[in-house]
Amino acid sequence: MSTKSMPPTVRDVDRMHDLYRQGGQDRQMAPHVVYSDAPCPHARCGQRMQAIDFRLEAHGRNIHDSLVRAWWDDIGFVGRCPGCNRWVHFTIAAKRAVSAEEAAQLPHLPDDWHTSAIIL
Ligand SMILES: [Zn+2]
């Protein structure tokens, strides 16, 4: 009855995600993320944004606190891609292309977020 060689189930991955999220939330850790896919999610852009340190502390306490909360609540936030200027929704698990209408429903990074962030 060994399960050591079993790949993690969807439920295991969900549990790991929850555990990770809870730990970050408890410590109000600064959002850093490494995505499995490198380029901007918008078609024909190609801007690399695989690893991001958002450096939210550069934008003052209010912005920092509300965006850190949104990040660990798994809501994430939106910001304009520095390559194509279209909206991207960033979360712990993924980044995705969103329309301006969708972006309007979500917490926003400051317009100049990419000038203080580290984007690799
Ligand atoms: Zn882009």
* Structure fact -> Taking the range 10-35 and keeping residues part of a loop (DSSP other than H, G, I, E, B) and farther than 16 Å from I119 by Cβ leaves Q28, M29
* Which fully enclosed strands (runs of 3 or more DSSP E) of the range 61-120 have 1 or more residues being surrounded by fewer than 17 Cβ atoms within 10 Å (Cβ to Cβ) and without any contact (Cβ under 8 Å) to a residue 60 or more places away in the chain? -> 95-97
* Qualifying residue in the range 43-55 (condition: at pLDDT 95 or above, assigned to a loop (DSSP other than H, G, I, E, B) and away from the ligand (no atom under 16 Å from the Cβ)) -> yes
* Which residue, of R21, R55, is in contact (Cβ under 8 Å) with a residue 24 or more places away in the chain, touching a Ser or Thr at 6+ places or on another chain (Cβ under 9 Å) and of a type in the set (K, R)? -> R55
* Structure fact -> Of M49, M29, the only residue that is touching a residue at least 24 places away in the same chain (Cβ under 8 Å) and surrounded by 14 or more Cβ atoms within 10 Å (Cβ to Cβ) is M49
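The values are calculated or read from the model by the stated rules, or taken from the named source; none is laboratory data. Please read all numbers here as calculations on a predicted model, not as lab measurements. Counting neighbours? That spans all protein chains shown, and the Cβs are built from the backbone with ideal geometry, glycine included.
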